[in-house]
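One structure is given below, encoded as structure tokens.
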Amino acid sequence: MSTSYNVLYDSFFALIEKDIDFFLYNNVSNEEAMQIAKNRAKGYLVEAITKFKISCSSDLTLNLDDENEELSDTLTTTEINLLSSLMREKYFERDFSLLKAFQLQFSPKDLQVFSPANERKTFMDMFESIKKENRVLMDNYSSRDRLTGRLKTIDYSKYQNE
């Protein structure tokens with residue numbers, strides 16, 4: 001019982017399909033380009049799993065089996081969507097870091113010419129929105145049974161003195 005990396009990659013790729021730069025590589029075949037995209041996605045997957053394990057209470061082990069390119073657990077659709085959303089966050093986090101570095105290289109006057117403040121603000125707002133959405137997804141996931149989707153409850157009768 002496991003989940004193929006490709007299931008997660010496909011879900012992640014669907015989230016960023018409009019970003020042509022992620023899939024466009026010079027002087028390589030389509031197969032080589034897809035392999036490069038998958039290698040990049042693997043890095044985001046590792047980071048997403050780390051964030052998931054830190055932020056969510058779950059009985060999943062999420063061990064990576066690189067030889068068979070699969071996770072040790074059979075993931076639900078909800079978990080696939082959550083991990084791919086976290087992968088997307090990690091993807092944009094790299095651009096956010098580049099944006100910060102870019103801001104340090106140029107004076108405010110240069111930035112007005114090369115990178116309008118509105119575009120930077122729009123990107124930063126989008127990134128913050130993705131992070132907030134993922135926090136909500138993780139909170140909702142942690143409060144529900146992973147297989148049934150039912151809210152977890154506490155049976156207080158177990159704790160009453162007889």
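The values are calculated or read from the model by the stated rules, or taken from the named source; none is laboratory data. All values reported here derive from a predicted model rather than from experimental measurement. All Cβ positions, glycine included, derive from the backbone under ideal geometry; neighbour counts span all protein chains shown.
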Just wondering, is there one or more residues in the range 45-53 that are surrounded by fewer than 16 Cβ atoms within 10 Å (Cβ to Cβ), of a type outside the set (S, T, N, Q) and either under 30 Å from S143 (Cβ atoms) or under 15 Å from the mean Cα position of the chain (by Cα) (or both)? yes
Restricting the range 1-31 to residues that are β-branched (V, I, T) and buried (at least 18 other Cβ atoms within 10 Å of the Cβ), the one nearest to R144 (Cα to Cα) turns out to be T3
By residue number, the members of the range 139-158 that are of a type outside the set (S, T, N, Q), assigned to a loop (DSSP other than H, G, I, E, B) and without any contact (Cβ under 8 Å) to a residue 24 or more places away in the chain are D145, R150, K152, I154, D155
Residue set S57, S84; condition polar (S, T, N, Q) and in a helix (DSSP H, G or I); output residue S84
All conditions in (1) of a type outside the set (K, R); (2) within 16 Å of the chain's Cα centre (by Cα); (3) at pLDDT below 95; (4) closer than 22 Å to T148 by Cβ are true of D59 except (2)
(1) surrounded by fewer than 11 Cβ atoms within 10 Å (Cβ to Cβ); (2) at pLDDT below 95 all hold for D66 apart from (2)
Using the structure shown, decide if V7 is hydrophobic (A, V, I, L, M, F, W, C) and not in a helix (DSSP H, G or I). no
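Just checking, how many residues over the range 32-44 are surrounded by 18 or more Cβ atoms within 10 Å (Cβ to Cβ) and either at pLDDT below 95 or in contact with a strand residue (DSSP E or B) (Cβ under 8 Å, 6 or more places away or on another chain) (or both)?
Filtering the range 32-44 for residues surrounded by 18 or more Cβ atoms within 10 Å (Cβ to Cβ) gives 37, 41, 44.
Applying the additional criterion that residues be either at pLDDT below 95 or in contact with a strand residue (DSSP E or B) (Cβ under 8 Å, 6 or more places away or on another chain) (or both) yields 37.
Here the count works out to 1.
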Of the residues in the range 18-31, those that are at pLDDT below 90, in a loop (DSSP other than H, G, I, E, B) and not aliphatic (A, V, I, L, M) come to K18, D19, Y25, N26
